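S.K.: One structure coming up, written as structure tokens, with questions to follow.
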Amino acid sequence: MNIHYFSGEAWEEQYVREKLPNESITFHTESLDASPDLSDAETTVLCIFIDSHIGEAELARFPALKLIATRSTGFDHIDLAAAKAHGVTVCNVPFYGENTVAEFAFALILALSRRIIDADERVRTGVFSPDGLRGFDLAGKTLGVIGTGHIGAHVIRMAQGFGMKVVGFDAYPNADLAHTLGFAYAPLPDVLAQSDLITLHVPYNEHTHHLINAGNISTIKKGAYLINTARGAVVETDALVAALKAGTLAGAALDVLEEEGDLADELSLLTSPHPNEAAIKTVLEDHYLIDHPRVIVTPHTAFNTQEAVERIIDATAANITTFASGAPTNVVAQKK
């Protein structure tokens, strides 16, 4: 198969070639988005990450394409309807270790509760004093877990290790999981109203777009904290900014932002002939969040451990191999 592999770190090339020794692979360290003029009439597989967006225009550049193998759980960066129309199968990596993102979510929770970022920055200025850095215990607090899939379930186990009470929300509640892990499900409004900390672990789709929004964010328990390691657009940025200004939220920790792609390339956004005013507004709000003293922002790195990246590549290589054998795995879109 003729494969173009995008957004790979230098060490990945040898690792991938060892996993797929019989395939023709062109390796790119940048995303497909960074190569807008690239086209190939013989490419059959595009192996991408979330920073490569594929729609009609990209599909037209690779007329022989048969498979898009994304090295991610989410696939909102791919136009699935267009892929189906072109007869292109799309595969993802549904699981790569539920512990990885859960551990990062708890790192953010601990950073918020014990003001670790503030403490570190203070010491680096030469001031060695705990004054004004008092945090709060997690033991006895209520953690709202929105999305109780593989990652959410691992978060629940970790929370219980800290002596926290857990209340969960999921579009498809798992009664067996609730019984096994000893937590309760509740409607979303109740989770927002009861929780001292709220952590998001849902996929991004039309049903979860702005799941936390101007209509419900004011019902959050006053003084609560919001943690988002899912997708930026699960939270309406306008609403988040307003809740911080009003004091409804005491703080937030965000590994994702609603317009993080534009934030990374804001110069082209601002200077484009027809700028997207809504995107510009959100980018400016993202800057507000980045500069906010009670908000921690990290660059979409919750997945980013060596072990997890290797598991992701292993699963992606297996997706490519099974597709070539005629029995594709982890399919999220396929022409019927």
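Here, each number is a calculation from the coordinates, and none is a lab measurement. For clarity, every value in this text was computed on a predicted model and none was experimentally measured. All Cβ positions, even for glycine, are placed from backbone atoms using ideal geometry, and neighbour counts span all protein chains on display.
S.K.: Picking from G232, H4, A243, whose Cα lies most toward the positive end of the charge dipole for the chain (charges on Cβ: Lys, Arg +1; Asp, Glu -1)?
M.R.: Value computed over the given set: A243.
S.K.: Follow-up question, since we're still on this one. Quick check: net charge around E9, other residues with Cβ under 12 Å of its Cβ, Lys/Arg +1 and Asp/Glu -1?
M.R.: Here the count lands on -3.
S.K.: Can you tell me how much longer the chain between E310 and I117 gets when fully stretched, taken as 0.36 nm per residue apart minus their C-alpha distance, in nm with one decimal?
M.R.: 66.6 nm
S.K.: Can you count the Lys pairs in segment 98-297 whose Cα atoms are under 21 Å apart, with each pair 8 or more apart or on different chains?
M.R.: Here the count comes out as 8.
S.K.: Gaussian network model of the chain, Cα springs within a sub-10 Å range: biggest mean-square fluctuation belongs to which of E310, E258, E121?
M.R.: The residue that fluctuates most here is E121.
S.K.: So, counting K/R as plus one and D/E as minus one, what does the shell of residues with Cβ under 13 Å around S113 add up to?
M.R.: Every neighbour counted, the sum reads +2.
S.K.: Same structure, new question: Taking the chain as a Gaussian network, Cα atoms linked when under 10 Å apart, which of E259, E103, E58 shows the biggest mean-square fluctuation?
M.R.: E58
S.K.: Taking the Cα-to-Cβ direction at F136 and at A184 and moving 7 Å from each Cα, how far apart do the two end points lie in nm?
M.R.: 2.0 nm
S.K.: List the residues whose amide H sits under 5 Å from the amide H of V332, counting only those 5 or more places along or on another chain, with H placed 1.01 Å from N in the peptide plane.
M.R.: It is V90, C91, N92, by chain and number.
S.K.: What nm distance separates the two modelled labels at T219 and S325, each placed 7 Å from Cα along Cα→Cβ?
M.R.: 4.8 nm
S.K.: Right, another one. When Lys and Arg each count +1 and Asp and Glu each count -1, what net charge do the other residues less than 9 Å away from G135, Cβ to Cβ, add up to?
M.R.: Summing Lys and Arg as +1 and Asp and Glu as -1 gives +2.
S.K.: Taking the Cα centre of the chain as origin and charging only Cβ (+1 Lys, Arg; -1 Asp, Glu), how large is the dipole, in debye to the nearest 20?
M.R.: About 1200 debye.
S.K.: Put +1 on the Cβ of every Lys and Arg and -1 on every Asp and Glu Cβ in the chain; which of P189, G87, C47 then has its Cα farthest towards the positive end of the dipole?
M.R.: The residue sitting most towards the positive pole is P189.
S.K.: GNM, the chain, Cα, under 10 Å: largest mean-square fluctuation among A317, A34, A193?
M.R.: Checking each option, the largest mean-square fluctuation is seen for A34.
S.K.: Classify the chain from the C-alpha gyration tensor, please: rounded if a/c falls under 1.5, else prolate or oblate depending on whether a/b exceeds b/c.
M.R.: prolate
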